[in-house]
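These notes are about the structure you will find just below.
The values are calculated or read from the model by the stated rules, or taken from the named source; none is laboratory data. Every value quoted in this text rests on a predicted model; they were computed, and no experiment measured them. Reconstructed Cβ throughout: ideal geometry from the backbone, glycine too, with neighbour counts over all protein chains shown. These area figures cover heavy atoms from the full protein model, side chains too; ligands, DNA and RNA do not enter into them. Shrake-Rupley method; radii C 1.70, N 1.55, O 1.52, S 1.80 Å.
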Amino acid sequence: MSSSPRPDGEVELGRARERRWWLRGRRVRSIARAGAFVEDVGFALLFPSERVLAPSLWEAVAGEDAEPFATGMEVNEQRVWSWKDDLPRRGVAWYGNFVAGRSSFLSPSLLRWLYPASGGTDDHLDLDLSPTAHEIATALAEGPQPSARLRALVGDRGRYQRAAVELQRQLLVTTAGVHEQASGWPSSVLDLTCRRFDVGTGQDHLAAAELFIGVVLEASAGDLARTFRWPIGTARGHLDALVPAARVARSDNRYLASSVAGQFR
């Protein structure tokens, strides 16, 4: 049995992904539909990447052939750029540096399945983080803070940026709106994930793995590992655990959503 879809199956797989990733039909034009998009797919990049198997908000807004910022900050760029702050501020979608190490969104349900701690403002104390990351998390325990204020607290832009990314990749911190400044661009506001979303109970990595395959439709364990930042052995174990109950189908080293397994092999 082939480890990848047959040629005609490749075409059908591409079309199925287009439908699943909101690339066909009505474009996303409102923040309400942007929230519905993230809720439907579960995870999405802000902007697409050829190296990452995932839907993107940009493509749902502008179409898969549109190049972001090709002619500057136009209407679609303004939409996605503002929604990345407004969606988490409203508690509709988590946003930060997570999916494959890139700027991305998670739905509240997927966030709950992936969140690594108990859901308290001191969650950072239970995780292996840098001293700067602990410092930022401690400051955020008092309330949301503009990134400019947190950078000043740390005293070094590079060290702050690395620690902020570290906290986002552990899902401890999300953006939560913007803070207008006297001059220049507004400063993003950061907040603890546990203050914005219901997390700390219901962790379920099997459900997260099943959702991943249900969205990308066909993938390897490596694809899952890169997307959710898991060790590849952990990703493969989760996928294999879903096979006996037919929640996921396996073809050699590839995994397929049960809904399409018979179509692309």
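When the solvent-accessible area of the chain is split by element, carbon and sulfur atoms take up 48 percent of it, the probe being 1.4 Å. Note: the range 49-193, Cα convex hull, 131 Å³ per residue. Taking amide H positions as modeled 1.01 Å from N, with prolines and chain starts lacking one, no residue 5 or more places away or on another chain lies under 5 Å from Arg90.
The GluC sites (Glu not before Pro) found in the range 24-92 that occupy coil by DSSP, while having at most 12 further C-beta atoms within 10 Å, are Glu50. Spatial offset of the range 232-265 relative to the range 32-59 amounts to 22 Å, using the alpha carbon center of each.
When only Cα pairs below 8 angstrom with a gap of at least 6 residues are kept, the range 64-162 shows a relative contact order of 12 percent.
Estimated from helical segments only, the mean residue ellipticity of the chain at 222 nm is -13500 deg cm²/dmol, where each DSSP H run of four or more residues counts as -39500 (n - 2.57). When DSSP beta bridges are restricted to pairs lying wholly in the chain, around 95% turn out antiparallel. Where q = 0.25 Å⁻¹, what log10 of I(q)/I(0) comes from the Debye formula for the range 119-209, counting one point per Cα? The calculated log intensity ratios at q = 0.25 Å⁻¹ are -1.33. At q = 0.08, 0.11, 0.14, 0.16 Å⁻¹, work out log10 I(q)/I(0) for the chain with the Debye formula, treating every Cα as an identical point scatterer and leaving solvent out; two decimals please. Those come out to -0.34, -0.63, -0.99, -1.23, one per q.
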